[in-house]
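J.: Please find one structure pasted underneath; my questions will follow.
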Amino acid sequence: MYRKFLSVLTVLTVFVALFMFSTTNSVNAKSTYKRVSISNVRSTAYHNKSNSGAAYNQSHSRCAFLLKSHPHTSWYVTKKETLRHNRANAVYFYVRSGNKKYSGWVWQQYLTKGGAPFWIKSTHAAAIDVNTGKFLYNKSATAKVPVASTIKLLTIYNVLQKVHSKKYSWNSIVNTSGSGLYNMSRSYACGGFVLKHGVRYTVKQLYQAALIDSSNAAVIALGRWVSGSNVKQVQRMRSQLNSWGLRGNYIVSVSGLDNGDLNGYGYRYPGSSAYAQNTISAHDMAVVARNLLNKYPEVNQTTKINNLKVHGQWVHNVNTTLPGRKYNVRSLYINGLKNGYTPRAGYCLIGSSQKPGHHKLITVVIHDDDMSSDTTALMTHVYKYHSLKN
C-alpha cells in the first residue's frame, strides 16, 4: 500500500512539475519579445549574409525555415518591426522569397542588402549570343567533360551539310543494316526509335528520330550515311571541331554513349579504352550549337516538336522546357535544342530561344539535376542583364 502511495505521489509530482514548466515557458514565450514598432517598407531585395539564422512567425513561437536551406535565394523585405528582448531592441524584417513559397521574420543582422548572386546547380554552364558569338555567362565552361547525347548536334550539322549539297535529299535512303543497330534500337538503356528489319528509312525520318527521340541507332546510321562508316564519322567530328578552332576535345562516339554501352553493339572506336567517352567543354558545345543555328536555322523547326509520328512510330521529346511542357516559360520563346544523359555526364541540356526583336540565345548546362529549371533561369538571367535586342 505504501509503495502504491509513493508511485501515485511520484506521478503527481512529475505532472505538476511538467505543468509548471509548460506554464512558465508559455509565459516566457509571450514575454520574451515585445513589439516596440512595426511599419511597411518599400520592397527591397536582400540575401543571406551567412548560413546562420532562421525565419520565424510573427510571435516568434515557431521556426518557419532555416536560412542555410536557402543559400542562393533573394529575399524581398516589405515590413520592418522593432522588438524588445532582454532589455534590448532588435530590428526584424518580414521577408518573402521571389516565388512566394517562403516567408517569415528574420533578424536584420542575418541579411545583407541586394539580391542573391545568380546561381544554378549545373557543374558546367555557358550562354552565348548566337548573332554576335559573345559569351554572356560562364561557369567552369572550359573544363573538358562528358556531354552525353548533346554531341549528336555535330552529326546533325554534317547531315544538313550533305543534304544542302543538293547531291542528296531528305528522301535519300539510309542503310540501317547490321545487328548492332537493330539490337541497340531495342535496348532498354540505349534504344528508343526501333529500327525494323527490311524497312527502308529516309534521311528525314532518322534525322527526326535522332533530334526528337535522341535515338542512338538513328544518329549512328546517319553518321555512316554521311561519312561511309562509324569510324570515319568520328574522324569527321574531330575535324569539324578543329576547323572551328575548338581543340583539346576527345571524341570517340557519334551518339554520345560511352564505350561501356557501345561495346556490345560493335561501335567502339578502334584503339579507345573499354570505358572511354567523349569529353568536350560547355564553351565548345555552345559554339557547336551556335554554328548549327547560324548555318541551318531550320533545325529549330524539328527541335521544337514535342511529339511526332515517324514511319509509324511515335517519338517523344524529353525537353520539358518546350511550349506546353512543365518547365516552359512562355516569355522566353524556347524552341530547342538537345537533351542528354549518361550516368557519368549527368543530365545535360542545350537550350535555344529567341524573344521577338532579340538575338537568338543558346544556353548550355552540363551535369545538372535541375537542367530544365536551370535552363529557364539562365535564359531569364541573361535576357535581364544583357542587351540582346536587334
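The values are calculated or read from the model by the stated rules, or taken from the named source; none is laboratory data. Note that this is a predicted model, so its numbers are computed, not measured. Because the Cβ atoms are built from the backbone with ideal geometry, glycine has one as well, and the counts that use them run over all protein chains shown.
J.: Taking the stretch 137-178, which residues are in a strand (DSSP E or B) and not β-branched (Val, Ile, Thr)? Outline the logic, then answer.
T.: From the stretch 137-178, those in a strand (DSSP E or B) are 137-139, 145, 173-174; that's our starting set.
Listed by number, the residues that qualify are Tyr137, Asn138, Lys139.
J.: While we're here: Scan Gly223, Gly228 and give me the residue that is buried (at least 23 other Cβ atoms within 10 Å of the Cβ) and not hydrophobic (A, V, I, L, M, F, W, C).
T.: After ruling out the rest, the residue left standing is Gly223.
J.: With (1) under 20 Å from Ile128 (Cβ atoms); (2) basic (Lys, Arg); (3) out of contact with any Lys or Arg (no Cβ under 9 Å at 6 or more places or on another chain) as the list, and Lys326 as the residue in question, which single condition is left unmet?
T.: (1)
J.: Further question: Name the one entry in Val36, Val27, Val41 that is at pLDDT 95 or above and hydrophobic (A, V, I, L, M, F, W, C).
T.: So the residue among Val36, Val27, Val41 that is at pLDDT 95 or above and hydrophobic (A, V, I, L, M, F, W, C) is Val41.
J.: While we're looking at this one, here's another question. Quick check on the stretch 179-191. Is at least one of its residues over 21 Å from Met285 (Cα atoms), touching a strand residue (DSSP E or B) at 6+ places or on another chain (Cβ under 8 Å), assigned to a helix (DSSP H, G or I) and not basic (Lys, Arg)?
T.: Of the residues in the stretch 179-191, the ones over 21 Å from Met285 (Cα atoms) are 179-191.
When the remaining residues are screened for being touching a strand residue (DSSP E or B) at 6+ places or on another chain (Cβ under 8 Å), the result is none.
Within the stretch 179-191, none of the residues are over 21 Å from Met285 (Cα atoms), touching a strand residue (DSSP E or B) at 6+ places or on another chain (Cβ under 8 Å), assigned to a helix (DSSP H, G or I) and not basic (Lys, Arg).
J.: Can you list the helices (runs of 4 or more DSSP H) lying wholly within the stretch 232-314 that have 1 or more residues being of a type in the set (A, V, I, L, M, F, W, C), buried (at least 17 other Cβ atoms within 10 Å of the Cβ) and free of Cβ contacts under 8 Å to residues at least 12 places away in the same chain?
T.: Where helices (runs of 4 or more DSSP H) fall fully within the stretch 232-314 and carry at least 1 residues being of a type in the set (A, V, I, L, M, F, W, C), buried (at least 17 other Cβ atoms within 10 Å of the Cβ) and free of Cβ contacts under 8 Å to residues at least 12 places away in the same chain, they are 259-262.
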